[in-house]
């Protein structure tokens, strides 16, 4: 069986991580072990960030909807409850977009929600 020299594959693997670590500070950009550690840590942070992004956007939409609701003299929770009772199925992203772009149609939705909340209370 012939002898296999593995320098080429090792160098290729090392270069891959060094390339990914471009722009890092100090030894993290050019020392293989440090670069590998830092790149993998970066991948973990990116994975976590993709999950947190969804949470952050949802809270942003809720804040925008709440602000528009307060302008229409209704609380966020009553607004959402009224929409659910009137069987209007708009998600929070769409509602936030309506609140920012088209306040007239949002105020109509708020009126519908108010009526449903008042009817349910009586």
So if I check each of 57, 106, which one is within 24 Å of residue 117 (Cα to Cα) and surrounded by 11 or more Cβ atoms within 10 Å (Cβ to Cβ)?
106
Does residue 87 qualify as being modelled with pLDDT under 95 and either within 30 Å of residue 13 (Cβ to Cβ) or assigned to a loop (DSSP other than H, G, I, E, B) (or both)?
yes
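Table: residues versus (1) assigned to a helix (DSSP H, G or I); (2) touching a helix residue (DSSP H, G or I) at 6+ places or on another chain (Cβ under 8 Å); (3) modelled with pLDDT of 95 or more; (4) under 27 Å from residue 97 (Cα atoms).
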site	(1), (2), (3), (4)
14	yes, yes, yes, no
17	yes, yes, yes, no
34	yes, yes, yes, no
39	yes, yes, yes, no
45	yes, no, yes, no
50	yes, no, yes, yes
53	yes, no, yes, yes
56	yes, no, yes, yes
59	yes, no, yes, yes
Condition met for residue 65 (in a loop (DSSP other than H, G, I, E, B) and surrounded by 12 or more Cβ atoms within 10 Å (Cβ to Cβ))
no
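Suppose the filter is more than 30 Å from residue 10 (Cα to Cα) and without any contact (Cβ under 8 Å) to a residue 12 or more places away in the chain; does residue 120 pass it? Before you say what the answer is, go through the steps one by one.
Details: more than 30 Å from residue 10 (Cα to Cα): yes; without any contact (Cβ under 8 Å) to a residue 12 or more places away in the chain: no.
So residue 120 does not fit the description; no.
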Being in contact with a helix residue (DSSP H, G or I) (Cβ under 9 Å, 6 or more places away or on another chain) and at positive phi: is that true of residue 30 here?
no
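The values are calculated or read from the model by the stated rules, or taken from the named source; none is laboratory data. Bear in mind that the values here come from a model prediction, so they are computed numbers and not experimental data. Reconstructed Cβ throughout: ideal geometry from the backbone, glycine too, with neighbour counts over all protein chains shown.
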